[in-house]
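All remarks here apply to the structure that follows.
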Amino acid sequence: MQAVFVYLVVSAVLSSALAYDPDMLQDICVASNSSDVKVNGFACKSEANVTASDFAFEGLAKPGKINSSVGSLVTVANVDKVPGLNTLGVSLARIDYAPDGLNPPHTHPRATEIVFVLEGELDVGFITTANKLISKTIKQGELFVFPRGLVHFQKNNGDKAASVISAFNSQLPGTQSIAMTLFTATPAVPDNVLTKAFQVGTKEINKIKDKLAPKKS
């Protein structure tokens, strides 16, 4: 029985130690988005059809147009935008912030994130599972790391625009915004779950849902 327990503990440790994108087994495996084959990642398209454009992306070169209510815009350069990233275990993003802009509390379930400040100054932080806030103000040329899976945020408290480049150790890190996940899920999270969790009434929950609901065009 003790041997079984030791085996289970060792297996759990090894599983967590190896919890990142799997290593590639060939030189390239450009994602075939049209393939019906379901794998952990994307099926490879034929090398005969691979071009340089599969490995290039110009979307991070310039600031994006910010029109969100929170005052920030995230432009991703993951495997969905750069098919050549498939199996390589890396991706980037650019985040632009208006003055007083916020990248709201969120998590990346599949990657650690490191941000490098291109311009401006940001208050950044993450919360550990012990409920401790680790935070700092970072400015141009500085960086900060957000451990995988932990809730984190960035806030531009200045009166000028700011921007960062974010790097991830996953081709598709995933993002879960805490507010959007809880209040705009489909099907909806039951109101009695939210009222109990936040210790507020149904009226307050509905106000938040109305604020976060997608704008009708």
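The values are calculated or read from the model by the stated rules, or taken from the named source; none is laboratory data. Since we're looking at a predicted model, the values are computed, not measured. Ideal geometry is used to build each Cβ from the backbone, glycine not excepted, and the neighbour counts take in all protein chains shown. Just so you know, the surface numbers come from the protein's heavy atoms only, side chains and all, with ligands and any DNA or RNA stripped out. Shrake-Rupley method; radii C 1.70, N 1.55, O 1.52, S 1.80 Å.
Before moving on, here are some points about what is shown:
- Counting only residues that are surrounded by 12 or more Cβ atoms within 10 Å (Cβ to Cβ), more than 21 Å from N103 (Cα to Cα) and within 24 Å of the chain's Cα centre (by Cα), the range 177-217 holds 3 of them.
- Close pairs (7 angstrom Cβ cut-off, 6 or more residues apart or separate chains): modelled with pLDDT of 90 or more in the range 35-55, in a helix (DSSP H, G or I) and surrounded by 12 or more Cβ atoms within 10 Å (Cβ to Cβ) anywhere: D54/P83; D54/G84; F55/G84
- If you go through the range 23-32 and keep only what is open to solvent by 90 Å² or more (accessible area, probe 1.4 Å) and in contact (Cβ under 8 Å) with a residue 24 or more places away in the chain, you end up with D23, L25.
- Long-range neighbours under 6 Å by Cβ, at least six apart or interchain, first residue free of Cβ contacts under 8 Å to residues at least 24 places away in the same chain within the range 123-136, second in a strand (DSSP E or B) and aliphatic (A, V, I, L, M): L133/I127
- Residue selected from the range 152-176 under the condition more than 12 Å from the chain's Cα centre (by Cα) and open to solvent by 50 Å² or more (accessible area, probe 1.4 Å), by the criterion nearest to T107 (Cα to Cα): N157
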